[in-house]
């Protein structure tokens with residue numbers, strides 16, 4: 001199931017990118033599809049399904065995220081900015097099944113060949129300093145439930161589920177990862193050939209939660225209660241930092 005998101009800022013995004021060049025030799029632009037997908041161990045993420053994790057089981061029932069500063073990289077190093085902020089929700093409450101939905105976004109870009117893509121994970125500082133009331137209804141940043149009043153900033157992503165430490169229900173603990181604050185905002189560049197032309201295939205961006213929690217060659221130890229939740233203390237971003245630092249390893253970008 002693909003959920004299509006209306007892009008409110010396409011025209012702004014084209015102007016936003018003008019400073020660093022948004023035209024190829026033809027000067028034409030065209031729409032290109034971006035499809036975001038959620039996976040666990042390279043398979044579609046399914047809510048409440050128990051997955052192997054180290055010597056335990058885990059399940060997940062919520063995964064959503066803000067993606068920002070979407071841009072294409074030209075062969076001369078120039079950056080073509082496409083959108084300042086997008087909202088991707090893989091587990092919406094009104095989903096027809098428990099399988100994570102694919103989120104499709106249409107953006108307009110100058111036709112031509114590119115050598116990479118840049119993605120921002122979270123809400124960049126300039127926008128993170130604002131509040132939902134600063135945006136019109138329907139804007140990605142107008143969502144009250146994604147704003148952290150105590151931290152005066154947005155929740156960059158939500159990953160929620162459970163860990164079954166004995167592979168049964170005798171030792172079940174909740175997993176709550178709400179990453180936020182300017183300190184953990186990240187941008188990553190992915191090098192790959194990208195074609196923007198009428199009829200070009202979609203750019204596919206896949207997040208694998210198994211890879212996200214496998215950090216520097218070992219599992220995040222979920223036997224430790226400290227690792228089961230991101231702290232509510234504004235000054236404690238240890239777990240959030242580990243996850244946001246590892247999102248690049250958990251991301252695969254392709255254009256078939």
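Available extension along the chain between residue 197 and residue 166 is 6.0 nm, counting 0.36 nm per residue and deducting the alpha carbon span. Measuring between their Cα centroids, region 210-256 and region 123-141 lie 25 Å from each other. Efficiency by 1/(1 + (r/R0)^6): what FRET value for residue 137 and residue 55, r their Cβ-Cβ distance, R0 = 35 Å, to the nearest 0.05? It comes out at approximately 0.15. Both radii come from the Cα set of region 2-254: Rg as radius of gyration, Rh as Kirkwood radius; their ratio Rg/Rh reads 0.98.
Mean residue ellipticity, 222 nm, helices only, the chain: the sum of -39500 (n - 2.57) across DSSP H runs of n ≥ 4, divided by residue count and rounded to 500, is -2000 deg cm²/dmol. Between residue 218 and residue 204, residue separation times 0.36 nm minus the direct Cα-Cα distance comes to 2.3 nm. In terms of the mean number of neighbouring beta-carbon atoms within 10 Å, the peptides 93-99, 65-71 order highest first as 65-71, 93-99. Quote to one decimal, in nm, the extra length available between residue 43 and residue 76 on full extension: 0.36 nm per residue of separation minus the C-alpha distance between them. Difference between extended and current length: 8.3 nm. Where both bridge residues fall in the chain, DSSP classifies roughly 85% of the beta bridges as antiparallel. Extending 7 Å from Cα along the Cβ direction at residue 104 and again at residue 183 yields two label points whose distance is 4.1 nm. Here r is the Cβ-Cβ distance between residue 130 and residue 232 and R0 is 25 Å; the resulting FRET efficiency, rounded to 0.05, is 0.70.
None of the figures in this text is laboratory data; all of them are computed from the coordinates on show. Because the structure is predicted, anything quoted here is derived from the model rather than measured. No Cβ is skipped: glycine too gets one built from the backbone with ideal geometry, and neighbour counts run over all protein chains shown.
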